[in-house]
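What follows is calculated from the coordinates using simple rules that are stated; it is not laboratory data. Everything numeric here is computed off the predicted structure, so don't read it as measured data. Neighbour counts run over all protein chains shown; Cβ positions are idealised from the backbone, glycine included.
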Amino acid sequence: MGRGRWHAERRADPWYRMAKDEGYPSRAAYKLIHVQKKYDLIHRGDTVVDLGAAPGGMSMVAARLVGSDGRVVSVDTEPLTFSMSNVVYLELDLFSSSVVDLILEALGGRKCDVLISDASPKFSGVKEIDMANQIRLTRRAVEIGDSVLMDGGSALLKAFECEEVKCVETALKRGFRFYRRVIPPPTLRRHSSELYLLCVGKRVSEVSLMVEENG
Ligand SMILES: C[S@@+](CC[C@H](N)C(=O)[O-])C[C@H]1O[C@@H](n2cnc3c(N)ncnc32)[C@H](O)[C@@H]1O
């Protein structure tokens, strides 16, 4: 899609306009609001790690839900466009070798209750390349979750519909007590087969190893 059409579509998008009117950094805020209403993912006092957090719609929603006793650790190479006292921003590439240690340090040594990953690549327009890059990010989020998400914790991970996502799903179904695909309303299915993997109740510490086993 050309830049001009992209801007025109964005302006016409009711979620984009609503986010602007209501002061959210992005329309992605409504995806988390939808999941929260339906599945009660985040609680007061929780610690949340948000991977691929910029500009920060989901982080803002999470920060409001956890309140002043909770904490949100937001990771992205790009900056957040807001600040709140219970949000710690880490300017980091998810593939950097120090990412797990730095997240754990920001969490104060305790693992998090909830892991969100809305990380997605810059789109090339070539479907195969975009899918491969997205699944690489989804797998990386699962790998980071192995180290930073506590036993019993929950996760919401962005993915694309493709053959490879089924391997990830097989592992998540074994690694968590409850697993479901969700497609929150603001998701743009016209341009992609984007979906979210909702996982509740982590019961295995190394879910990513099971992804490898499944291919
Ligand atoms: C769809 S946006 C996330 C929107 C965000 N959840 C919100 O609520 O505003 C995807 C984000 O993933 C980030 N991202 C992609 N690859 C990344 C990587 N390797 N390391 C860190 N962030 C990455 C991008 O910089 C971008 O900000």
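Some values worked out for this structure:
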{"quantity": "Karplus-derived 3J(HN,Hα), 6.51/-1.76/1.60, for each residue of segment 74-79, Hz, glycine and proline x", "calculated": "9, 10, 6, 7, 9, x"}
{"quantity": "Burial ordering of K38, K173, fewest other beta-carbon atoms within 10 Å first", "calculated": "K38, K173"}
{"quantity": "Base-10 log of normalised Debye intensity for the chain (one unit scatterer per alpha-carbon) at q = 0.10, 0.15 Å⁻¹", "calculated": "-0.40, -0.94"}
{"quantity": "Share antiparallel - DSSP beta bridges, the chain, percent rounded to 5", "calculated": "40 percent"}
{"quantity": "Proxy reagent accessibility, fewest Cβ within 10 Å first, across V126, V211, V182", "calculated": "V126, V182, V211"}
{"quantity": "Members of K37/K166; K31/K158; K122/K173 lying beyond 18 Å, as alpha-carbon distances in this model show", "calculated": "K37/K166; K122/K173"}
{"quantity": "Ascending count of other beta-carbon atoms within 10 Å, so fewest first, for Y16, Y30", "calculated": "Y16, Y30"}
{"quantity": "Fluctuation leader among L156, L102, L90 - the chain, Gaussian network, Cα springs under 10 angstrom", "calculated": "L102"}
{"quantity": "Mean Kyte hydropathy of -1.0 or more with a Cα span along the axis of at least 24 Å, helices from DSSP in the chain", "calculated": "127-148"}
{"quantity": "Net charge over other residues, Cβ less than 10 angstrom from the Cβ of L198 (K, R count +1; D, E count -1)", "calculated": "+3"}
